[in-house]
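Student: Let me begin by handing over the structure; questions about it come next.
The values are calculated or read from the model by the stated rules, or taken from the named source; none is laboratory data. None of the values given here were measured: they were computed from a predicted structure. Virtual Cβ from ideal backbone geometry, glycine too; neighbours counted across all protein chains shown. With ligands, DNA and RNA removed, areas are computed over all heavy atoms of the protein, side chains included. Shrake-Rupley method; radii C 1.70, N 1.55, O 1.52, S 1.80 Å.
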Amino acid sequence: AVLGAEAAGADGRAGVPAAVAVELVHAFSLLHDDIMDGDPTRRRRPAVWKAYGTGPAVLAGDALFALAVETLATVPQGAGAVRLLSAALADLVRGQADDLLFAARPCTGPERVTPGEYRAMAEGKTGALLGCAAALGAVLGGADETTAGALDRAGRHLGVAYQLVDDVLGL
């Protein structure tokens, strides 16, 4: 988000509210992801749901999301920034849903996950948030739609690469 603001020619500090909002959404998504995947640990520590229960973990995630929206709603470009974040969150949810569905599919054969399906999942699950960070920072830095869109696409590509590495490491 800070780099997005700088890419728009603004001081990087213009992107800080976007950085905060995206990090809050990221933390929210990790809380919910650990519950959905049944992961008992995160970074070698008990996952929040394991330490405090599923209900408190879901509520903590929801609170983080509410804080993210509030953070963006207070900036001068708040309405547009919240719309960008909401669109990225919709993509993230769709990507996470695909990831859950992929777990039930075979590794080989006609029902296997295709590279195109995997890429779409990774772009949604991880790329949408990275793209949103760069685009939001640019918007808060005064960028036009073309610049914000280009930064969103670059962030999405980075997210696909990150998700691919993360999944390979998980194997």
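Student: At 1.4 Å probe size, what's the solvent-accessible area of S86? Round to the nearest 10 Å².
Tutor: 60 Å²
Student: Starting from the Cα-Cα distance between R119 and E23, subtract it from 0.36 nm times their residue separation and give me the gain in nm to one decimal.
Tutor: 32.3 nm
Student: Using the alpha-carbon atoms, what tilt in degrees (0 to 90, nearest 10) does helix 16-37 show relative to the longest principal axis of the chain?
Tutor: Computed tilt is about 10 degrees.
Student: Where in region 58-72 does the label zone of A103 land, with the point 7 angstrom along Cα→C-beta and an amide N cut-off under 17 Å?
Tutor: Inside the label zone: 58.
Student: Once you treat every alpha carbon in region 13-68 as an equal point and sum by Debye, what is log10 I(q)/I(0) at q = 0.27 Å⁻¹?
Tutor: -0.99
Student: Of all the C-alpha pairs in region 1-97, what % are more than 20 Å from each other?
Tutor: 43 percent
Student: Counting every Cα pair in region 1-170, what percent are over 23 Å apart?
Tutor: Tail of the P(r) past 23 Å holds 43 percent of the pairs.
Student: Also: Taking the Cα atoms only, what angle lies between the long axis of helix 78-102 and the longest principal axis of the chain, rounded to 10 degrees?
Tutor: That works out to roughly 10 degrees.
Student: How far apart, in nm, are the 7 Å Cα→Cβ label points at H157 and S86?
Tutor: That separation, rounded to one decimal, is 3.0 nm.
Student: Helix 128-140 sits at what angle to the longest principal axis of the chain, using alpha carbons and giving 0 to 90 degrees rounded to 10?
Tutor: Between helix and principal axis, roughly 10 degrees.
Student: Please work out how much accessible surface E123 shows to a 1.4 Å probe, ignoring ligands, DNA and RNA, in Å² rounded to 10.
Tutor: 60 Å²
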